[in-house]
1. Mind checking which helices (runs of 4 or more DSSP H) fall wholly inside the range B:52-146 and carry at least 2 residues that are in contact with a strand residue (DSSP E or B) (Cβ under 8 Å, 6 or more places away or on another chain)?
2. Return only the number of the condition from (1) within 21 Å of A:L224 (Cα to Cα); (2) not in a loop (DSSP other than H, G, I, E, B) that A:R201 does not satisfy.
3. Would the range B:421-429 turn up any residue that is touching a helix residue (DSSP H, G or I) at 6+ places or on another chain (Cβ under 6 Å) and among the hydrophobic types (A, V, I, L, M, F, W, C)?
4. Is the range A:291-301 home to any residue that is under 22 Å from A:S195 (Cβ atoms) and among the basic types (K, R)?
5. Tally the residues that are closer than 15 Å to A:A407 by Cβ and either under 18 Å from the mean Cα position of the chain (by Cα) or facing chain B (nearest Cβ under 7 Å) (or both), restricting the search to the range A:340-355.
6. Assuming A:L298 fulfils every condition listed in (1) open to solvent by 10 Å² or more (accessible area, probe 1.4 Å); (2) assigned by TED's automatic domain parsing to the domain that holds A:E217; (3) touching a Gly at 6+ places or on another chain (Cβ under 8 Å) apart from one, which condition is it?
7. Could you tell me how many of the residues in the range B:297-313 are farther than 17 Å from B:G62 by Cβ, touching a residue at least 40 places away in the same chain (Cβ under 8 Å) and basic (K, R)?
8. Please determine whether any residue of the range A:326-339 is more than 14 Å from chain B (Cβ to nearest Cβ) and not in a strand (DSSP E or B).
Number of protein chains: 2
Amino acid sequence: MEHGTVILRANLVLPISHDPLPDGEVVVEHGRIVEVRPRSTLAGDEVLEFGDAIVMPGLINGHSHLEYTALRGWNDRVPFFEWIRGLVSLKAKCPAELWLPSAMLGAAELIASGVTFVSDNTDSGASAEALARLGLRGRVYQEVFGVETEPDDATILRELDAKLDALRQTLARYEASDRIGLGVSPHAIYTVRDSLMRALRQYAREQNLPLSIHASESSEEVALARSGSGSFAEMFRERGINYLHPRVPPIEYLYNAGILASDVQLVHATRAEPREIDMMARTKVSVAHCPRSNARLLTGIAPVYAMRRQGIPVVVGTDGAVSAGSLDIWEEVRFAALAQRAASYAAQPSWRDWIGMLTLEAAKAFGVDAHIGSLEAGKRADMVVVRTTRPAFSGVSDPYAALVLLARSEDVALTMVDGHILYRDGKHTELDVDALRHKVEEMTRHALAEHPT
Amino acid sequence: MEHGTVILRANLVLPISHDPLPDGEVVVEHGRIVEVRPRSTLAGDEVLEFGDAIVMPGLINGHSHLEYTALRGWNDRVPFFEWIRGLVSLKAKCPAELWLPSAMLGAAELIASGVTFVSDNTDSGASAEALARLGLRGRVYQEVFGVETEPDDATILRELDAKLDALRQTLARYEASDRIGLGVSPHAIYTVRDSLMRALRQYAREQNLPLSIHASESSEEVALARSGSGSFAEMFRERGINYLHPRVPPIEYLYNAGILASDVQLVHATRAEPREIDMMARTKVSVAHCPRSNARLLTGIAPVYAMRRQGIPVVVGTDGAVSAGSLDIWEEVRFAALAQRAASYAAQPSWRDWIGMLTLEAAKAFGVDAHIGSLEAGKRADMVVVRTTRPAFSGVSDPYAALVLLARSEDVALTMVDGHILYRDGKHTELDVDALRHKVEEMTRHALAEHPT
């Protein structure tokens, strides 16, 4: 299909870069969009007619941990510190072979909700192969941890280098090197010591790799940075870890250490303080906002409205299923929009802004807006079709409001990447999800059933 | 079907009043539950086998305005004051004949999400007939307005009396008097003057009718009550309305006026202050919590955790589709649970608490727990079956967490009231929803398309 001409036709085309086009169609050739135009009378096998539906750019999931999909339902601990300790403990019990099928199961759930690009932070590296095999576009940040004295920075950097080489080989094997970019994720200030954080910044600059850092997610993390107190600080003392407390909040510390720049994604920034928001704006970092995960783990609601007022690019991420509960980007953006209104008492971001944050603005934040993020001639054919046939859509004329307030995975009629149809009418075109689910459940139960946390 | 024996069988039965029962079944005869028991080997036409699914009590929607379903999408104004002025203006343009089909369309959407009991506040009275015709159980509060000098209290009471008589006749005509109870809704302190509020309290006591009052929903309402300032106060001055400002917040005013008692439902209480929460607990009022509507209209997040700690019964309501966006009770409870965690930094109410608030606790709040709210022998057969087959349910062993975090209308396999199957596998058994939707859209467009607000 990707080598012929395909026309996607519907009662509404939403290019994002331009005004909505009623009764429109998008012409795809060789994996690219060649034209966005009013409905034509062309007929034939290559015309996909969707009727009451919205054709729009594929959705961008700004942050995830796909490899942990298998752990959903196994960790209901709170607050954040207990949750992340539970996660570490669960991971330790699982075999390495679990992470690839687990990441694939998560990627399948994303595709079913209309996601075509995902930014994923991975410890095992499995998500690169998962995205490659499932045909998704994305960014894969290799996670790095190191808060104890050993191994030293040089050893960790050598290991990182080797892991990135392995990821490059994997991507090349699946001919996915153009589709999937790499990056480095110094996990967080409570898992990466100061010297290593600086070394990773230097390494990433030399290698021309972007960074993704969990920052100012929880009050425990803020307490650690500000005053060397709280759960993380106590754990470090118990374990004899000599942690350098910066005595400023996490993002201010990263700023002072020269880590922040336009190639940095800060994940969460839930507790970002006004002065830190200034620093974020000044250094042009972007933010991945994962509000369901934040709510679930009792870390609050990120100041998205304030960040955006200062021009900070904000993308929406599902985070992992193990915290958010599901990998449905529609549920994420709906919660994001309503929670932000509840927290800020302002109708900001607007419905249209949120859809922009799932598409073109996110593409800009990831530096890929030359290729995706809007329906424009010359861009890659990454698209999603959302049916608006349920009675709940009755009367809603603003398509952006309809998408934010009403759309669900069940409304997704088609997900396309590079002109390939990955998902259509409730079915993955090249993946047996039931078999994959069964395999993941068996492996997870086997590893964990005797020792649930 | 309601006169024979029907068995609903699934991999999990959730009685609410008792622990979850794996591999169970519920036996229904003559519209009542006669037994909840482990899976039997009985076979035949009367056995409905659902496999990977949860059989549970029908869901209780604690507050709605079904007649406004047709107006969804027509009023995106904020803040609250602008929104409610927009609603009044839209209503004025619509023909009286719109409200019944509009309420029926809303009721159909509720049934599709598993709701079997709805508490609805109605101006036109149409929701009583809508619930009666569609086979739902519920409570219908007749709304009363009166803030200008005329008509006087006595006239308004006479009109109310006549409206309630008409509703009783409607219910009797559909043989729904046992299923649907009546109440009175003095709409709010900014639409009902002090003398009328007191007269309605007296009337309701004499007539043994419960009350439902929108209270402390918005900051505009609080400003009006506290200091005679803000948008409502300005509007009253412009219109020459001599409003008696109580100089205390709304719920404290209602307390001082002797309005509050255990037969009173306060809707929203979003801005309730600690002293008002004490008064609510002391007088044993219940609260209808509609968090999506509150978020949408920029009124904040109600202090549900604080209310429940003081023993105040809280039910979950979708409010109208015109504010919440949809009438999906699962979306409401999911937003409620996550938003409350985000606002209170506590894992309270628990997942189990929220499901209780949709079932048995809500039945108690409405005084109908002798008949519904749990799966127990002798109770009415009001049930919903929720499929747990989607991959997202993979690994989630806690059924309460699964329902709150993951369940959707699309998972509802069956909705039953009094042993009647109202909805099954995506279809209403006795209603042509498409025809109804078409009719409502036509009527609404005809009334509003020329003058959208």
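The values are calculated or read from the model by the stated rules, or taken from the named source; none is laboratory data. If you're wondering where the values come from, they're calculated on a predicted model, not measured in any experiment. Positions of Cβ are generated from backbone atoms using ideal geometry, with glycine treated the same way; all protein chains shown enter the neighbour counts. Accessible surface is based on the protein model in full, side chains and every heavy atom, while ligands, DNA and RNA are left aside. Shrake-Rupley method; radii C 1.70, N 1.55, O 1.52, S 1.80 Å.
1. Values: elements: B:80-93, B:99-112, B:126-134.
Of the helices (runs of 4 or more DSSP H) lying wholly inside the range B:52-146, those with at least 2 residues that are in contact with a strand residue (DSSP E or B) (Cβ under 8 Å, 6 or more places away or on another chain) span B:99-112, B:126-134.
2. (1) is the only condition that A:R201 fails.
3. Yes, the conditions are met somewhere in the range B:421-429.
4. no
5. Total satisfying the criteria: 2.
6. Only one criterion is unmet by A:L298, namely (3).
7. Here the count works out to 0.
8. No, every residue in the range A:326-339 fails to be more than 14 Å from chain B (Cβ to nearest Cβ) and not in a strand (DSSP E or B).
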